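Derivation of every value follows stated rules applied to the coordinates shown; laboratory data play no part. Note that this is a predicted model, so its numbers are computed, not measured. FYI the Cβ positions are ideal-geometry reconstructions off the backbone, even for glycines, and counts take in every protein chain you see.
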Amino acid sequence: MPDRKPTLTDRIVTDLATVRWPEPAEIRAEARRRTRRQVAGAAAVLLLVVGTSAVVFGPAARPGPHRVDASVAGPSPHVEIPMEALLQPADLNQRSDPPLTQAGLGELVQVDTGALAACRQAQGLPVGWETSLWSRSQTMPRNRPDGYDVLVSQDVYRVEPQVAVRFFATLDGLVASCTNWRSVGPIRWQGEMVTRSLVHSYALIDRNFTGDESALLRHTISERRNEATGEPLGEPSSIDLAVVRVGDLVTVINPDPATTTQDELRRLGRTAAARLCVAANPVRYVIRPAGQTAPLTAC
């Protein structure tokens, strides 16, 4: 039985679901804090920028030797993704402002930043994409006296059963080609254009710690240097993110690297897996990839 595709009615329902009606307490808080509107507007712009800078993966990197098939076990009662399936402010180890959310249909499944796509393209490797059926995203900002930051952003995608099983089978191949990629290009530094060089490194540092499948992906950036003079242009840095699947739902969690440890990110991944249970349709494996471990689902 084929999966139900979104109809025009579904699209209208999804658009309406993105409207967040404030509670009376929030309206009163708005009146007391005149800066809220500017903060929310700036954070919404940041959410748009983050969404447009992500890299997407998919069928082009599918491992050839492994045939994977899957089907939904029984009917699919869950379609649209409710807010209850996402992380909640109480799940964080720091206090956040109300989340900024949006829903979508037919969005691309996005993981990590654009550097991984640029790395593969520089090597002549294809970068494809998978398309989700439904999606919901959120950003949890934190207002501070000197501005605001984003504590965590999260995307949840409902995908076809075949995509759900195939998705994690592609990660190793995608990352393996970019374990030590040197990038050279022009940037503006102290009012002048210089040629900057740095090394990007990607690694899967943990697998299957929660959900049906899961992974921690680390993106490390070496010290940036002026290619001509060797002068340092920036300190080394690293960013970890979590990818978790429960049934036909895949979520990507991007925390603030300055405030989130690796253990805290694993905890957020486990919490996210438990919350996905309320909206996930179970996926039944027909043929599983070689070496795949048994599901660890939190449901």
Full extension between Arg95 and Asn208 adds, at 0.36 nm per residue less the Cα distance, a length in nm of 37.8 nm
Sorted by average packing, counted as other Cβ atoms within 10 angstrom per residue and highest first, what order do 85-91, 261-267 take?
-> 85-91, 261-267
Residue-span extension gain [Asp172 to Ala228] - 0.36 nm each, minus C-alpha spacing = 16.7 nm
For Cys299 and Gln262 in one chain, what is 0.36 nm times their gap in residues minus the Cα-Cα distance, to one decimal in nm?
-> 11.0 nm
Using alpha carbon centers only, segment 121-137 is separated from segment 156-198 by a whole-angstrom value of 11 Å
Shape of segment 83-171 from its Cα gyration tensor (a ≥ b ≥ c, root eigenvalues): rounded if a/c is under 1.5, otherwise prolate when a/b > b/c, or oblate?
-> oblate
